[in-house]
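Chemist: My questions will all concern the structure given below.
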Amino acid sequence: MKMIAVFAWLVLGVLPAQAGYAQAPVAVASKVHYELIGRYDTARLDTILSSELAAFMASSTTPRAFVGKFARAKYGVRLYRVTYASVVPELGNRPTVASGLVAVPETGSHGRQTLPVVSYQHGTVFDKAWVPSQPENSAETRIMIAAFAAQGYVVIGADYFGRGVSDLPDSYLVKASTQQATTDMLFAARDVLGALDVTPGKLFVSGWSQGGWATMVFLQKLEQLGIKVTAAAAASAPVDLYLMTNRWMNNPQPIDPVYLPGCTALQLFAQQYYLQAPGLAASAIRPELLAWAAGLYDGSVTWEAFAAATPSKLGAFIRPEFAASGLTGQTPYWRVLQDSQGYRWKSVTRLRTYYGGRDEVTPEYIGKLPVATQALVGGAAAQAIDAGADADHRGVFVFGVLDQKLWFDALLD
């Protein structure tokens, strides 16, 4: 069990939680509250991008590729947990409460200041506490804080419905709920920043893995609302869930990661709940594994226990007849996945996507789809950037963070 726990730490980027400091929540708008949960000084921020980054990359194909690549921290950063009211579109706009993070650099400025904002959408997690609003449990969030907030950007991040303080089941890869959670988090963050004497400057959006897809569907929603985004970036983004899931189920590869059964369990149960499709998970998952999958989804089974009790190959986890149904895509589940794409519209926002030659989750073809689509329909400038022939899933993320920092900086003037 200890070896499994260590493996999960390396794969998922989890670091042990530490207690923040308590502060009574402050109300800043109708049903928006924030509380100071901690502070990273410059020494800690430099540690995040040195020894903690090394731990995050230890299981990667390129464990030392980014040693010494990040700038030293300019500012300390204050960390705020935000709770805000939202609604669940798939459930008739049922009211709910969600949470997220606002990380504000301590620039030393007196009075109101204007700072650029990066909204970061996090990747797949198997525990509701491994989220931005609990940054000690989220290595990817800490990396974004150290790379951007320590250099003068505000960093915000939604936990998504079913994660953080939410009492809902996980909304994993559920499109409208993801758009709602991220959009309402942006509005809530603006209220919080106003109370902290910060005027939001240019807006950037970024995400990795699940968060790369979330970034793209969030961007689509922002453009529909007429909210200007200066630039968008998506690393290892499974923007076409129908193609991606089909590849996983019907064309397995030696490179496939051991956590695909866990990802698939979350997705199936999330679609079952939010789209009110009873029996979906049972129709897809082999019966002897269904209870383990349900437990992972509802949080009663840890990732470590699930991984120890279930196959590491998706083909041994999913019913073969269910996988075969994806080849034609005519059942309700597969049609929902087709409708959940995050790239098939004409965008007005400049975009960079990132892919790698050894990415075990998102193939190069999927990573390039948004760029090819924008070229086809005459959308905004878009560029697909190769993180390298040896870059795996984590390597693509860190490569993207470094590139985005330089790119976003160049767009501030």
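Chemist: Could you list, in sequence order, the residues of the range 326-357 that are touching a residue at least 24 places away in the same chain (Cβ under 8 Å) and charged (D, E, K, R)?
Modeler: 339, 344, 346, 350, 352
Chemist: Now a separate question. Does the range 212-236 hold any residues that are more than 28 Å from residue 392 (Cβ to Cβ) and assigned to a loop (DSSP other than H, G, I, E, B), and which are they?
Modeler: Selection gives 226, 227, 228, 229, 230.
Chemist: Has the range 383-396 got any residue that is part of a helix (DSSP H, G or I) and touching a strand residue (DSSP E or B) at 6+ places or on another chain (Cβ under 8 Å)?
Modeler: Yes: the range 383-396 contains one or more residues that are part of a helix (DSSP H, G or I) and touching a strand residue (DSSP E or B) at 6+ places or on another chain (Cβ under 8 Å).
Chemist: Is the range 250-262 home to any residue that is among the hydrophobic types (A, V, I, L, M, F, W, C), crowded, with 23+ Cβ neighbours inside 10 Å and outside any strand (DSSP E or B)?
Modeler: No, there is no match, as no residue in the range 250-262 is among the hydrophobic types (A, V, I, L, M, F, W, C), crowded, with 23+ Cβ neighbours inside 10 Å and outside any strand (DSSP E or B).
Chemist: Answer yes if at least one residue in the range 261-271 is farther than 19 Å from residue 124 by Cβ and not assigned by TED's automatic domain parsing to the domain that holds residue 358, and no otherwise.
Modeler: No, every residue in the range 261-271 fails to be farther than 19 Å from residue 124 by Cβ and not assigned by TED's automatic domain parsing to the domain that holds residue 358.
Chemist: What's the number of the condition residue 297 fails, among (1) more than 27 Å from residue 220 (Cβ to Cβ); (2) not assigned by TED's automatic domain parsing to the domain that holds residue 209?
Modeler: Going through (1) more than 27 Å from residue 220 (Cβ to Cβ); (2) not assigned by TED's automatic domain parsing to the domain that holds residue 209 one by one, residue 297 breaks only (1).
Chemist: What number of residues within the range 194-216 are of a type in the set (A, V, I, L, M) and either over 27 Å from residue 25 (Cα atoms) or surrounded by 24 or more Cβ atoms within 10 Å (Cβ to Cβ) (or both)?
Modeler: Here the count works out to 3.
Residue by residue, here is whether (1) surrounded by fewer than 17 Cβ atoms within 10 Å (Cβ to Cβ); (2) at pLDDT below 95; (3) touching a strand residue (DSSP E or B) at 6+ places or on another chain (Cβ under 7 Å); (4) assigned to a helix (DSSP H, G or I) holds:
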position: 95; (1), (2), (3), (4): yes, no, yes, no
position: 118; (1), (2), (3), (4): no, no, yes, no
position: 133; (1), (2), (3), (4): no, no, yes, no
position: 146; (1), (2), (3), (4): no, no, no, yes
position: 156; (1), (2), (3), (4): no, no, yes, no
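Chemist: Please work out if residue 52 is of a type in the set (D, E, K, R), buried (at least 18 other Cβ atoms within 10 Å of the Cβ) and within 21 Å of residue 146 (Cβ to Cβ).
Modeler: Yes.
Chemist: Could I ask something else about it? Check 286, 247 and return the single one that is in contact (Cβ under 8 Å) with a residue 60 or more places away in the chain and among the basic types (Lys, Arg).
Modeler: Only one candidate qualifies: 247.
Chemist: Quick check on residue 342: is it in a loop (DSSP other than H, G, I, E, B), of a type outside the set (S, T, N, Q), out of contact with any Cys (no Cβ under 9 Å at 6 or more places or on another chain) and surrounded by 14 or more Cβ atoms within 10 Å (Cβ to Cβ)?
Modeler: So residue 342 fits the description; yes.
Chemist: Name the one entry in 184, 170 that is surrounded by fewer than 24 Cβ atoms within 10 Å (Cβ to Cβ) and either of a type outside the set (Phe, Trp, Tyr) or in a loop (DSSP other than H, G, I, E, B) (or both).
Modeler: It is 184.
Chemist: Turning to a different aspect of this structure: Would you confirm whether any residue within the range 302-320 is over 18 Å from residue 256 (Cα atoms), under 25 Å from the mean Cα position of the chain (by Cα) and in contact (Cβ under 8 Å) with a residue 24 or more places away in the chain?
Modeler: Looking through the range 302-320, at least one residue is over 18 Å from residue 256 (Cα atoms), under 25 Å from the mean Cα position of the chain (by Cα) and in contact (Cβ under 8 Å) with a residue 24 or more places away in the chain.
Chemist: Please verify whether residue 281 is of a type in the set (Gly, Ala, Ser), free of Cβ contacts under 8 Å to residues at least 60 places away in the same chain and crowded, with 21+ Cβ neighbours inside 10 Å, treating the condition exactly as stated.
Modeler: yes
Chemist: Applying the selection to the range 1-42, what residues are within 20 Å of residue 401 (Cα to Cα) and at pLDDT 50 or above?
Modeler: 40, 42 - these are the residues of the range 1-42 that are within 20 Å of residue 401 (Cα to Cα) and at pLDDT 50 or above.
Chemist: Check residue 36 against each of (1) in a loop (DSSP other than H, G, I, E, B); (2) more than 30 Å from residue 255 (Cα to Cα) and name the one condition it does not meet.
Modeler: Against the list (1) in a loop (DSSP other than H, G, I, E, B); (2) more than 30 Å from residue 255 (Cα to Cα), residue 36 comes up short only on (1).
The values are calculated or read from the model by the stated rules, or taken from the named source; none is laboratory data. Keep in mind that what you see is a predicted model, and the values were worked out from it rather than measured. Note that each Cβ is placed from the backbone with ideal geometry, even for glycine, and that neighbours are counted across all protein chains shown.
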